[in-house]
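Worksheet for the structure shown next.
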Amino acid sequence: MKIETQDYGSVAIVSLDGELDLDSIDTFTKSLEPLVVQYDKGVVLDLSNVSFVDSKGLESLLWLRDRCLTVGTQMKLAGLDDNCSRILKITRLDKSFDCYEELASAVRSYA
C-alpha cells in the first residue's frame, strides 16, 4: 500500500493506494498514528484508490476512528468505490463512519 499525506491546515488528507488488508496494516498504523495527534481537527482518508478491504482493514479503520475520538479529533472517509461501500454496508459499519463521495466535500465539512 502506498500512503501519501497532504497538509490542509489543521486537517491531514491521507490518500491510500492499494489494498487495505493484513499485509498493509503495520504501514497504515505507523503512518497514521502520528497524524492523529498532530492535526487538531482530524484526518480525511481518501479511499478512491483502495481496491480491496479485508477484515483486518476494517479493524484498522475502526482503530483509527477510535484513536481520533480518544484525542478529540475526527476521522472522515472519502471516495469509497462501490465495492468498499458495499463492504461497509454488509458489515453494518456504514453508520460507524462519516463518509463522503468526494474528497473536497469531506475536507469542507471541517470548516
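No value in this document is a laboratory result; all are computed from the given coordinates. Since the structure is predicted, the reported quantities are computational estimates derived from the model, not experimental observations. Virtual Cβ from ideal backbone geometry, glycine too; neighbours counted across all protein chains shown.
Below is a table of values for the structure above.
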{"read-out": "Separation in nanometres of the label points that stand 7 Å from Cα toward Cβ, at Asp66 and Arg108", "value": "3.4 nm"}
{"read-out": "Sites Glu4 and Thr91, calculated FRET efficiency, Cβ-Cβ separation with R0 22 Å, nearest 0.05", "value": "0.25"}
{"read-out": "Share of pairwise Cα separations in the chain, more than 24 Å, in percent", "value": "13 percent"}
{"read-out": "Segment Asp40-Ser55, length gained on full extension (0.36 nm per residue, minus Cα span)", "value": "2.5 nm"}
{"read-out": "Check: the range 1-77 dipole with +1 on Lys, Arg Cβ and -1 on Asp, Glu Cβ, in debye", "value": "280 debye"}
{"read-out": "Flagged links, alpha-carbon separation over 19 Å, of Lys30/Lys56; Lys2/Lys89; Lys30/Lys89; Lys2/Lys41", "value": "Lys2/Lys89; Lys30/Lys89; Lys2/Lys41"}
